[in-house]
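Values in this text are rule-based calculations from the coordinates and carry no lab data. Please read all numbers here as calculations on a predicted model, not as lab measurements. Here the Cβ positions follow ideal geometry from the backbone for every residue, glycine too, while neighbour counts run over all protein chains shown.
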């Protein structure tokens, strides 16, 4: 069943920072919500262009959709006739840059050295600060989306950083931090009454093979120094956002903290292959391993909560939910079984 976003009064505009897990979020939005409710800037899954910035602006002026997604740069609010709400995502900058570099050498420019890549890539040089400051690329050239003018070049400095941080302060509660993915996703879901922002069978890799990823621990120290020299402002802004986020998570109520813990038990127990999608059979096989471990440790209440999370997830069709409920009933108390039956009825009503 496709869900509606008509309850969103202030349109959500997703400032999607590259290599921060945003493509999975885009797919979740597109798979769970009615097509009329969202507009995507950028590429389709097959690499073809789905829309450009001129089409995005035209849609904003005419359609007034509840959700705009893609690699949008801060500044789109200027084209709306009513208030909007930005949401975004960030990632630890060294890990993000290594991911950008991996994609570059595996898809576009094999053999490019890291220093050359850092000198060529717009994104790999304080790219998150640029996006939040309203500076992006338009027709392949640097562009200031706040002042609506092209730029001959961009060197991030204190003034640009200050502008970025001021913008971030407007929506810092609505930023998904990849290193705090489950917590920040749940907070965003709760605030805007969204469907779950995690997938059961989808593992979007943005065309970068998992076996080719570079980790912070695996690269030479000199690489760290090169990346830091190009991303000092991104590192500063990421630290600012993460410290705020960690304090916010620390102060959450016990119920929300438990929701984060239960989701983590499920999502960290699912092991994806190099394929972007896992079959539904493969998912249930892995789920049985997760539940088996919980049962083995005597964590029966946690087992029940994980089952409830699965039963309520919109990615599953009713037949899969029903079959799972019948399979798991033997592991539950009568009361728990009745609760899951009620959850199933509520989801499919």
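Order by neighbour count: 1, 128, 278, 30, fewest other Cβ atoms within 10 Å first, most last.
1, 30, 278, 128
In which sequence would 221, 170, 123 go, from the one with the fewest C-beta neighbours within 10 Å to the one with the most?
Ascending Cβ contact count within 10 Å gives the list 221, 170, 123.
Using only Cα atoms and rounding to the nearest 10 degrees, what angle (0 to 90) does helix 221-230 make with the longest principal axis of the chain?
70
Rounded to the nearest 5, what is the percent of antiparallel bridges among the DSSP beta bridges in region 74-186?
65
Quick one: grab the alpha carbon gyration tensor of region 209-349, order the square roots of its eigenvalues as a ≥ b ≥ c, and give me rounded if a/c is under 1.5, else prolate or oblate depending on whether a/b is larger than b/c.
Judged from the Cα gyration tensor, region 209-349 comes out prolate (a/c at least 1.5, a/b above b/c).
If a/c stays under 1.5 just call it rounded; otherwise compare a/b with b/c (prolate if a/b is bigger, oblate if not). Do that for region 279-347, with a ≥ b ≥ c from the square roots of the Cα gyration tensor eigenvalues.
Judged from the Cα gyration tensor, region 279-347 comes out oblate (a/c at least 1.5, b/c at or above a/b).
Give the relative contact order (percent, whole number) for the chain; include only Cα pairs under 8 Å separated by 6+ residues.
17
Quick check on the chain: of the DSSP beta bridges with both residues there, what percent are antiparallel, nearest 5%?
That works out to approximately 40 percent antiparallel.
In degrees, nearest 10, range 0 to 90: what is the angle between the Cα axis of helix 254-267 and the longest Cα principal axis of the chain?
Compared with the principal axis, the helix lies near 90 degrees.
Pick from 311, 176, 280: which is most flexible by mean-square fluctuation in a GNM of the chain where alpha carbon atoms under 10 Å apart are linked?
In the Gaussian network model the winner is 280.
Give the order of 101, 33 when sorted by the count of other beta carbons within 10 angstrom, beginning with the fewest.
33, 101
Please give the length that would be gained between residue 338 and residue 108 if that part of the chain were fully extended, namely 0.36 nm times their separation in residues minus their C-alpha to C-alpha distance (nm, one decimal).
Going from the current span to full extension adds 77.4 nm.
Which percent, to the nearest 5, of DSSP beta bridges fully inside region 1-144 are antiparallel?
40
Modelling each spin label as a point 7 Å along the Cα-to-Cβ direction, I'd like the residue 78/residue 59 distance in nm, to one decimal.
For residue 78 paired with residue 59, the spin-label model returns 2.1 nm.
Restricting to DSSP H runs of at least four residues, report the calculated mean residue ellipticity at 222 nm for the chain, -39500 (n - 2.57) per run over all residues, nearest 500 deg cm²/dmol.
That comes out to -15000 deg cm²/dmol.
Would you mind checking the tilt of helix 300-311 against the longest principal axis of the Cα atoms of the chain, expressed as 0 to 90 degrees and rounded to 10?
The angle comes out at about 70 degrees.
By the gyration tensor of its Cα atoms, with a ≥ b ≥ c the square roots of the eigenvalues, what is the shape of the chain: rounded for a/c under 1.5, prolate for a/b over b/c, or oblate?
Here the chain falls in the prolate category.
Once the piece of chain linking residue 214 and residue 7 is laid out straight, how much longer is it, given 0.36 nm per residue of separation minus the C-alpha distance between them?
Stretched fully, the residue 214-residue 7 segment lengthens by 70.4 nm.
Starting from 0.36 nm per residue, how many nanometres of slack lie between residue 159 and residue 137 once their C-alpha separation is accounted for?
Using 0.36 nm per residue and subtracting the Cα-Cα distance, I get 6.0 nm.
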